[in-house]
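Here the structure is laid out as structure tokens; the discussion comes afterwards.
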Amino acid sequence: MFFKTAYDFVAIGELAVDAFIRLEDNGIRIEGAGTGATLCLPFATKIPYASVNEIAGVANAGNAAVSASRLGLKSALVANIGADENGNKCLSSLKKDGVDPKFIRAHKNQTTNYHYILWFDKDRTILQKHTQFPYNFPQIGDPKWIYLTSLGESSLEFHTQIGDFLEKNKDVKMAFQPGIFQIKFGTDVLKKIYERTDIFCCNVEEAQVILKEESHDVKVLSQKISKLGPKIVLITDGIDGAYAYESASPENFWYMPVYPHVPFERTGAGDAFFSTVVSYLAMGRTLQEALLRGPINSMSVVQKIGAQEGLLSAEKIEEYLKNAPADYTPRKI
């Protein structure tokens, strides 16, 4: 039976526990630069590590749901976990942050996703394994927004179910932040998802893979993604800031600089930026107003370990905004 809800934001994706293993020098080095860089460790030996921090209820969807909840939205999450201790940790963490867990399914004899994160200097390399859960789309009512993000390799049919829901519920808006397997599925296979997307979110490197495009020109990448269907395209470029392209008004190509900061650990920066922009759109703010606030949450997240500890309330974001530099503003380029 279909029912009405008052959800502002329903994230759809995976849940996990992250174990942050902080590495010290001890013969470890980085070779190369950029996306082609390699983390090198001594082989067949014992390597001391500095610390380990275990953080539950994370991954893209969990991070987005928590972000929305802390900003004051009524938030829920569609995800799968194992009926195990780590699954219980995820549920407990989400409940503390006010995320409704009613659409999270716990599966017997399955294990909750568990990621090992090798943290070296300010960046990280993630060792991940997705449990092959059975995916079924629950009755989520009529939320203002759904936020579709990373799902496992066996989730292709699940995307058809999501597409069917969106076809029947045309007033529901959708944000799409694709993960590894959604990118591998390709734009033809997920054609209906792209066509139904209100705001699309990725970084420059992901955009290049999605489009099979060598160009680093963000405007070119944005325009090509918009032709797949998304009304707004958000692309981040690390410390060089972020860009937003509105397909309905091609002259509206916005650049948004980062909020000044020195990062401590970069996990979750993109999730924080994207989910914050979408959350403010769900509040009825303009794209420019949302762009002003996204980098603030991202800045705060990278001051802490993991993707959630630094997520801010709306009130705290406004405090940072009042103290922003004069040139911290979205501008057309």
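The values are calculated or read from the model by the stated rules, or taken from the named source; none is laboratory data. The model shown is predicted, which means the values in this text are computed figures rather than measured ones. Glycine also receives a Cβ, built like all others from the backbone with ideal geometry; neighbour counts cover every protein chain displayed. All accessible areas refer to the heavy atoms of the entire protein, side chains included, with ligands and DNA or RNA removed. Shrake-Rupley method; radii C 1.70, N 1.55, O 1.52, S 1.80 Å.
Worth a mention:
- nm² value of the averaged projected area, convex hull over the Cα atoms of segment 253-313: 4.0 nm²
- Where segment 18-58 is the region considered: accessible area per residue in Å², 1.4 Å probe: 65 Å²
- Dimensionless Rg over Rh [segment 194-317; C-alpha; Kirkwood]: 0.96
- Restricting attention to segment 29-135, lysine pairs at least eight places apart or on different chains and with alpha-carbon atoms under 29 angstrom apart total 18.
- Measuring against 24 Å, Cα to Cα, the residue pairs K144/K212; K191/K332; K184/K224 contain K144/K212; K191/K332 as the ones spanning a longer distance.
- Most to least packed among 245-258, 109-122, 315-328 [average Cβ atoms within 10 Å]: 109-122, 245-258, 315-328
- Distant alpha-carbon pairs in segment 102-256 (separation over 26 angstrom), percent: 34 percent
- Packing around the peptides 45-55, 150-160, taken as the average count of other Cβ atoms within 10 Å per residue, puts them in this order, highest first: 150-160, 45-55.
- Alpha carbon convex hull of segment 281-333, volume per residue in cubic angstrom: 101 Å³
- Ellipticity estimate at 222 nm from DSSP helix runs (n ≥ 4, -39,500 (n - 2.57)) divided over the chain, nearest 500: -9000 deg cm²/dmol
- Ranking by accessible area, most exposed first, for H216, H130 with a 1.4 Å probe: H216, H130
- Computed over the alpha carbons of the chain, Rg followed by Dmax gives 19.2, 60 Å.
- Here r is the Cβ-Cβ distance between N53 and A6 and R0 is 30 Å; the resulting FRET efficiency, rounded to 0.05, is 0.30.
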